[in-house]
Amino acid sequence: MLNKQEIKILLVEDDNFLREICTKKLTKQGFIVYEAIDGEQALKKLEKVRPDIILLDIILPIIDGFEVLKQIRSHKDKKIQKTPIIILSNLGQKNDVDKAFTLGANNYLIKAHFTTDDILDKIKKELSL
Amino acid sequence: MNFYEIIMLLFGIFSALIGCFLYLKNYKNKLKQQTSEFISIATHQLRTPLTAIKWSIKMILDGDVGKLNQEQQELLSKGYQSNERVIKLVNDLLDVSRIEEKKFDYQFDKYDFENIIDAAIERLQNLIIKKHLKIKFNKPIKNPKIYVDKEKILLVLQNLLANAMNYSTENGIIKIDIKIKNKFLLIYIKDNGVGIPKNEQFKLFSKFFRASNIMKFKTQGSGLGLFITKNIIEKHGGRISIKSQEGKGTEVCFSLPILSSP
């Protein structure tokens, strides 16, 4: 079992305030949070940080979340390829959700319907904490 | 002007009228489409700041950034609830725009209907407790399986039950009955609340309709719930009807086909 203090989360979110709140909540819980503000930055940090889990928005500047998801799932590094990914998006149409799962997302949360507590629960569930 | 010229003139006028009609129809459709697209984009944009308000208030309420006194807790809880209402309104607007754009997606599967009703009641527990309401759910002896989009039917039940609860007085009673008739499941939701004035009942399923007697004491609500509800039920191959008497209560009945894929 992983120790919370050693768990690295990559949070990919372009909205400054949402990123700040989410980071604050997760850091207070003892996680190590790395932030990316767009898809390109997310893919760069991914290789450097090698996170245990990724929280990924879909509508992002430069490279969108779907493309990031696609590139992670076809990454040459097997560990990176298998990183659990929770989508955090305010897109909630069936085709968006279906597309994310088809591309290999582990979970999909519509941001306005959940709180940071719920996100925390999903992270714990995904990492069996 | 001879007969031939009159015929030609009438033909010309008729053609011009048809042309105008087609132009206006096309214009109206374009306008409707643009309005729906605007709502769709606007609602997505609205969800981000609403999420920020929701997340930050929740963190403060949970004491993540320091302890609150009772007054602060109460005020912030009210702020949180108000924000939740705006999120619901945005969701309703988005659903309506999807219905009108014919992009309201459905995913049908086989479900135990009783469980869906239990889940809908569970989601409304806070309201039940707050208003000291009594829910009488008469479960059928045989529990039929039905093909539905679970989330959409949950939305239907939440809308109808929330209406029954919101427009009931304190200590009101809400009865839920399920009957089976001719391969259809009939669901009855009855309250002993304020009811709907008779002369307004024909507008019940129109967008933004809110009964005049309700507006006097409860200003919240988008008036979109029943429009969405009717649309979902009909997409499932069912029907909805409402009987109401002002001052005595309302009974909603809707049907859903049993074990047949829509």
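Quick note: the coordinates plus some simple rules give every number you see, no bench work behind them. Model, not experiment: these values are computed from the prediction. Here the Cβ is made from the backbone with ideal geometry for all residues, glycine too, and neighbour counts use every protein chain on show.
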Query raised in the report: Taking amide hydrogens as modeled 1.01 Å from N in the peptide plane, which residues meet the under 5 Å criterion relative to residue A:33, leaving out close sequence neighbours?
Result: A:9
Query raised in the report: Going by the alpha-carbon gyration tensor, a ≥ b ≥ c the square roots of its eigenvalues, is the range B:3-100 rounded (a/c under 1.5) or, if a/c is not under 1.5, prolate (a/b greater than b/c) versus oblate?
Result: prolate
**Report entry** Count, lysine Cα pairs under 26 Å in the range B:3-100, 8 or more residues apart or across chains
**Finding:** 9
Query raised in the report: Can you give the extra length, in nm with one decimal, that the chain gains between residue B:14 and residue B:85 once fully stretched, where that is 0.36 nm per residue apart less the Cα-Cα distance?
Result: 20.5 nm
Report summary line: Toy charge model, Lys and Arg Cβ at +1, Asp and Glu Cβ at -1: chain A dipole around Cα centroid in debye, rounded to 20, equals 560 debye
Query raised in the report: Once you average over the residues of A:17-25, how many Cβ atoms of partner chains fall within 10 Å of each Cβ?
Result: 4
Query raised in the report: What shape does the protein assembly as shown have by the C-alpha gyration tensor, where a ≥ b ≥ c are the square roots of the eigenvalues, rounded means a/c under 1.5, and otherwise prolate means a/b greater than b/c and oblate the rest?
Result: oblate
Report summary line: Counting only DSSP beta bridges with both partners in chain B, the antiparallel fraction in percent, to the nearest 5, comes to 85 percent
Query - Test item: Cα-centred dipole of the protein assembly as shown, Lys/Arg +1 and Asp/Glu -1 on Cβ, debye - result: 1040 debye
Query raised in the report: How crowded by other chains is B:50-60, given as the mean number of beta carbons from other chains within 10 Å of each beta carbon?
Result: 6
Query raised in the report: For the protein assembly as shown, what proportion of DSSP beta bridges, expressed in % and rounded to the nearest 5, is antiparallel?
Result: 55 percent
Query raised in the report: Among A:45/A:111; A:94/A:124; A:124/B:235; B:131/B:243, which pairs are too far apart, with a Cα-Cα distance over 28 Å?
Result: A:124/B:235
Query - Shape box of chain B [Cα atoms, principal axes, largest first, Å] - result: 90, 51, 39
Query raised in the report: Taking the Cα centre of chain B as origin and charging only Cβ (+1 Lys, Arg; -1 Asp, Glu), how large is the dipole, in debye to the nearest 20?
Result: 600 debye
Query - Cross-link reach list, aspartates and glutamates versus residue B:102, counting only Cα pairs under 13 Å and skipping chain neighbours closer than eight places - result: B:37
Query raised in the report: Among A:86-93, A:15-22, B:57-64, what's the highest-first ranking by average C-beta atoms within 10 angstrom per residue?
Result: A:86-93, A:15-22, B:57-64
Report summary line: Nearest-0.05 FRET efficiency for residue B:177 and residue A:101 at R0 = 30 Å, using Cβ-Cβ distance, is 0.20
Query - Mean residue ellipticity (222 nm) of the protein assembly as shown, computed from DSSP H runs ≥ 4 via -39,500 (n - 2.57), nearest 500 - result: -16500 deg cm²/dmol
**Report entry** For A:108-115, mean number of other protein chain Cβ atoms within 10 Å
**Finding:** 6
